[in-house]
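Down below is the structure, laid out as structure tokens.
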DNA sequence: CATCATACGGAGTCGGCACTCCGGAACGCA
DNA sequence: TGCGTTCCGGAGTGCCGACTCCGTATGATG
């Protein structure tokens, strides 16, 4: 790959993460091209489909997020670790929003083995590990599943409201995720 | 107003509630016209703007919802009443989705006094009454506000997941809304 | 039943966006 | 430095959805 091509690809990806972070996969390709300082043609040469561009942007976010989650596994304070991760994932709305948009569309069997899906399930596994760790320590309600956590995060992510309000909502939800009285 | 015009207006409104209920204000005007069995022109004569059509559809939903909420105020079982309402509002996703879309767009000062806003705040008041009632009875955590409740409902509404999963999430959130241990 | 204001239908316009195409740079190797 | 290959830019295409326009139909009224 020629060096200018490589550079452009990166500029486009950065612009895409930026734009999708603001508008959640609704952002137009033209806008991305403009911010990247390249022509539309260039965007489409590197990412032949908008879908692919979204995926590429999302994979970046997810991988980074997965890394930080993994670092917490096995550390002390399982409850705190779980809650911190939960909060972070809600704030990482950009990535999640895009991911949500991505997963919404019906899985096409003709797809090549999907990077985005791989990244998503890696994250899911890491979150799952953190969750069971919290449960083993008796700091997270025992009957909660990764699915539950995901639904709740997904919900909070797509709530459009002041940061402050969402933070309050997160606290309430985390209370709901704490061990039940009877336990 | 001519009788056929009246009839058509109602058919369009019904179709609009149906379509927006499925797609959340993304549904196309053509689709609505088709389901109503009228031409597009007719839709636009009654509702000159898509925005107005959305509002009209939403006002219907909201008013009905407000009525059922009001009926619960002052009845027995404040905690149950509150929780039932919470669950219903989450399931009434269609109305809320549309409302969300509606409220998202910047309030235009040139708007006439807005039906939709009036309907929305009536609902909010009713929910507020139910909430304080539950709190007075010690069945809902004391520090929760109507805003909190709205954010949580809004979040759960826009979670896209199986009915079953969302129901579990609602249970968890309602646990978070129950009185704190220390209370 | 005649008349006309009121409605209707749907082809057509306009704008926006994903995606294509190709003439003209820019790279990198000898 | 010369040259073939790889890239780039951005005007152009096709599609889709909101909205308009006007010839035609139909309810109301005397």
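The values are calculated or read from the model by the stated rules, or taken from the named source; none is laboratory data. Computed from a predicted model, the values in this text were never measured in an experiment. Positions of Cβ are generated from backbone atoms using ideal geometry, with glycine treated the same way; all protein chains shown enter the neighbour counts.
Annotations
- In region B:9-26, residue nearest to DNA strand C (Cβ to nearest atom) [restricted to those that are within 21 Å of residue B:114 (Cα to Cα) and surrounded by fewer than 17 Cβ atoms within 10 Å (Cβ to Cβ)]: B:10
- Test: residue A:12 is part of a loop (DSSP other than H, G, I, E, B) and at pLDDT 95 or above: no
- Among the candidates B:155, B:122, residue that is buried (at least 18 other Cβ atoms within 10 Å of the Cβ) and touching a helix residue (DSSP H, G or I) at 6+ places or on another chain (Cβ under 6 Å): B:155
- Looking across region B:15-26, the residues that are in contact (Cβ under 8 Å) with a residue 12 or more places away in the chain and in a helix (DSSP H, G or I) come down to B:15, B:16, B:17, B:18, B:19, B:20, B:21, B:22.
- Single condition residue A:45 does not satisfy, out of (1) farther than 30 Å from residue A:141 by Cα; (2) exposed (fewer than 14 other Cβ atoms within 10 Å of the Cβ): (2)
- Verdict on residue B:56 being in contact (Cβ under 8 Å) with a residue 12 or more places away in the chain, more than 14 Å from DNA strand C (Cβ to nearest atom), in the same structural domain as residue B:129 (by TED's automatic domain parsing) and closer than 27 Å to residue B:158 by Cβ: yes
- Residue B:112 in the same structural domain as residue B:153 (by TED's automatic domain parsing), out of contact with any strand residue (DSSP E or B) (no Cβ under 7 Å at 6 or more places or on another chain), at pLDDT below 65 and surrounded by 15 or more Cβ atoms within 10 Å (Cβ to Cβ): no
- Options B:90, B:43: the member that is part of a helix (DSSP H, G or I) and at pLDDT 95 or above: B:43
- Qualifying residue in region A:125-137 (condition: modelled with pLDDT of 95 or more, within 8 Å of another protein chain (Cβ to nearest Cβ) and in a loop (DSSP other than H, G, I, E, B)): no
- Screening region B:156-183 for residues that are over 21 Å from residue B:79 (Cα atoms) and within 7 Å of chain A (Cβ to nearest Cβ) and picking the one that is nearest to the chain's Cα centre (by Cα) gives B:158.
Residue-wise test of (1) within 10 Å of DNA strand D (Cβ to nearest atom); (2) away from chain B (no Cβ under 14 Å); (3) at pLDDT 90 or above.
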residue	(1), (2), (3)
A:24	no, no, no
A:38	yes, yes, yes
A:48	no, yes, yes
A:53	no, yes, yes
A:58	no, yes, no
A:69	no, yes, yes
A:85	no, yes, yes
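- Residues of region B:27-43 that are free of Cβ contacts under 8 Å to residues at least 24 places away in the same chain and within 14 Å of DNA strand C (Cβ to nearest atom): B:28, B:30, B:31, B:32, B:33, B:34, B:35, B:39, B:40, B:41.
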